[in-house]
Amino acid sequence: VEDLTVRNLLKNGKLARAISDASWTELRSMLEYKCAWHRRELVTVDRWFPSSKLCGACGTVREKLPLNVREWTCDCGAVHDRDVNAARNILAAGLAASACGDGVRPQRESSRTGRSSVKQETQRATAGLPRL
């Protein structure tokens, strides 16, 4: 799951009621206790992970992607639906974090080495995942 700050999302006047009705905080609480109950791991992807802006085909991150843009085309030619692309990227990031045992966050310029502590693979993180 993606770690969202529901409190901040509720500040959006147009979406506040829909978000409250969906009970996102309660859903996450239920997922956490059910995972604990069944001895499963709930992987939480950092809220700053660029799931919508990251191209699932080539790995390029767009600089800006306004909320009103629901579909976009990457320079590699891949056409993405914003929500479907984000879901695939969150799945891939969660699987990577689960396999490597590291948190999922975007690369920062200020990193001492500029490299992630996650094991570097030659294939994309989404390679081998079924198409949704």
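Annotation note: trypsin sites (Lys or Arg not before Pro) in region 1-102 located in DSSP loop regions with a Cβ neighbour count of at most 13 within 10 Å are 11, 14, 39, 40, 47, 64, 70.
Could you calculate the FRET efficiency of residue 1 with residue 62 from 1/(1 + (r/R0)^6), where r is the beta carbon distance between them and R0 is 25 Å, rounded to 0.05? Mind showing how you got there, number by number?
Details: r = 23 Å, r/R0 = 0.91.
With R0 = 25 Å, the Cβ-Cβ based efficiency is 0.65.
For residue 45, nonlocal amide neighbours, meaning residues 5 or more places apart or on other chains whose placed amide H falls under 5 Å from its own, are 2, 3.
Taken together, the values in this text are just the output of simple stated rules run on the coordinates, not laboratory data. Everything numeric here is computed off the predicted structure, so don't read it as measured data. All Cβ positions, even for glycine, are placed from backbone atoms using ideal geometry, and neighbour counts span all protein chains on display.
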